Amino acid sequence: MTAAEMVRVLNAEGSLFVSARLRVAVRIVNVKTSYGALRFLVTPLAGEGEEWVDASRVTLAEVR
């Protein structure tokens, strides 16, 4: 993912795969690559906190 593509993902909403039966609505707060893997800093749309997760666990609703 290029830097320009990373910028477009910021503030996008999506769902975070937590387990086989649980998904949580999240907003992308930040983006990075770590050891070649794309990572998103996400925060839940309801609730509080934030966490870095592997991008493959997030399904984006819509990217500008």
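Rule-based calculations on the coordinates, nothing more; no lab input. Everything numeric in this text was worked out from a predicted model, so none of it was measured.
What the table shows:
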{"quantity": "Net lengthening on full extension, residue 25/residue 43 (0.36 nm per residue, minus Cα-Cα)", "calculated": "5.6 nm"}
{"quantity": "Calculated over the stretch 3-59: convex hull of Cα atoms, volume per residue (Å³)", "calculated": "76"}
{"quantity": "Long-range amide H partners of residue 25 with built H, under 5 Å", "calculated": "16, 45"}
{"quantity": "³J(HN,Hα), Karplus 6.51/-1.76/1.60, whole Hz, each residue of the stretch 15-28, x for Gly, Pro", "calculated": "10, 9, 6, 9, 8, 4, 10, 9, 10, 10, 6, 9, 10, 7"}
{"quantity": "Computed [θ] at 222 nm, deg cm²/dmol, the chain (DSSP H ≥ 4; -39,500 (n - 2.57); rounded to nearest 500)", "calculated": "-2500 deg cm²/dmol"}
{"quantity": "Karplus-derived 3J(HN,Hα), 6.51/-1.76/1.60, for each residue of the stretch 31-48, Hz, glycine and proline x", "calculated": "9, 7, 10, 9, 6, x, 9, 6, 10, 10, 8, 10, 10, x, 6, 10, x, 8"}
{"quantity": "Relative contact order for the chain, counting Cα pairs under 8 Å that sit 6 or more residues apart, in percent", "calculated": "34"}
